[in-house]
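Notes to accompany the following structure.
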């Protein structure tokens, strides 16, 4: 199963073989959970959003065709779910103090990450998403260009500006003087 | 290399320096050494980028997968083979049901039509048989009722013509003969009936019936009526009252 392409697996799901959804889940649940968490800063909600995403694949499986790249299609669906979530909960604007970054991290690491994510949360939406996808979800520049329907040069330019903006914000909140 | 060129290259240097042309990379770092502003920006961005890359991704808890698996099983159960079959073939099933209903309705409709036609035929045969039996064997009132059976019929068959002919000429009761005469006049457009009536005018023994026949026949064809009346007048066996009635009628016609 590891050698099967995402697109082939989607073909099987489209044909009604729901067992293949488990393979897609195995491949992407980690990445999507991180995307939802970094965007929402709420772990419990991120879990729910991740579950919703994979079952939305079943609901909209007919809209996927062989000319599409699954990863891009999945991301667009995740983005729609997230927008619905923000519209419904209005939590996007709040920066939570009790961010539970990762139970495996040390307290110091957690504190440092907390400031970093508070800074990311203050970024304009476009920059924030770009940082999260490129740095935490392993999307390459070429993939981001496909998703945003633009050129790689444009993605590079936006990434540069996003990092510059993040640097400015982070310097104001970097109590540890790590930079 | 200018400061603006550095900005264009920074992302590539941070993400994948090996992919940059060595000469460009050399120029990039030469500029950084000479330009404090660019050096400061590059160092800070590099540190920030490293920090971003050092962030450990959160690990999904084991329940996430368990919950997903449970939901998937439920989903599979809900969209089982029978349901899937129903959904995928819903239009075929609907068409099949529709065809079946239409077929049943048409079948039922045509069966009913055939049944009704058959019943009507049986009823007619029964009426025919019943009426002919009554006319041959029953009482006066029953015979008169039976003769009324002809009301509404457009024609009568030879069998009934024969029965009514016998009643008209030989029945013991004059009222029954008169009813038969009236019944036959309804079908006088049938040549055979007309022939029976004309023949009866000559052979009729009942004066009242003869008068009824005169009245019936003379209004159908004037020339033929005169001939009928002359036949009665010239017949020595004709009743005197009937003769007198015929003479009066012929004066009117001539």
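The values are calculated or read from the model by the stated rules, or taken from the named source; none is laboratory data. Predicted model only: the values in this text are computed from it and were never measured. When we count neighbours, we look across all protein chains shown, and the Cβ atoms used for this are built from the backbone with ideal geometry, even at glycine.
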Out of (1) crowded, with 16+ Cβ neighbours inside 10 Å; (2) modelled with pLDDT under 80; (3) over 30 Å from residue B:153 (Cβ atoms), what's the single condition that is false for residue B:246? (2)
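Select, from A:31, A:66, A:51, the only residue that is within 11 Å of chain B (Cβ to nearest Cβ) and in contact (Cβ under 8 Å) with a residue 12 or more places away in the chain. Spell out the reasoning first.
Details: A:66 fails: within 11 Å of chain B (Cβ to nearest Cβ); A:51 fails: in contact (Cβ under 8 Å) with a residue 12 or more places away in the chain.
Every option except A:31 fails the conditions.
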Can you give me the number of residues within region A:14-28 that are under 19 Å from the mean Cα position of the chain (by Cα) and facing chain B (nearest Cβ under 10 Å)? 2
Across region A:93-122, which residue is modelled with the lowest pLDDT among those that are exposed (fewer than 15 other Cβ atoms within 10 Å of the Cβ) and within 12 Å of chain B (Cβ to nearest Cβ)? A:103
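Residue under question is residue B:27, and the condition is that it be in contact (Cβ under 8 Å) with a residue 24 or more places away in the chain and either over 34 Å from the mean Cα position of the chain (by Cα) or more than 11 Å from chain A (Cβ to nearest Cβ) (or both); does it hold? Show your work before the answer.
On the way: in contact (Cβ under 8 Å) with a residue 24 or more places away in the chain: yes; either over 34 Å from the mean Cα position of the chain (by Cα) or more than 11 Å from chain A (Cβ to nearest Cβ) (or both): yes.
Here the answer is yes, as residue B:27 does meet what is asked.
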For region A:123-169, which residues satisfy the criterion of being at the interface with another protein chain (Cβ under 9 Å from one of its Cβ atoms), part of a helix (DSSP H, G or I) and farther than 19 Å from residue B:10 by Cα? A:136
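Is it true that residue A:56 is within 14 Å of the chain's Cα centre (by Cα), farther than 20 Å from residue A:131 by Cβ, in contact (Cβ under 8 Å) with a residue 12 or more places away in the chain and not assigned by TED's automatic domain parsing to the domain that holds residue A:144?
Working: within 14 Å of the chain's Cα centre (by Cα): no; farther than 20 Å from residue A:131 by Cβ: yes; in contact (Cβ under 8 Å) with a residue 12 or more places away in the chain: yes; not assigned by TED's automatic domain parsing to the domain that holds residue A:144: yes.
So residue A:56 does not fit the description; no.
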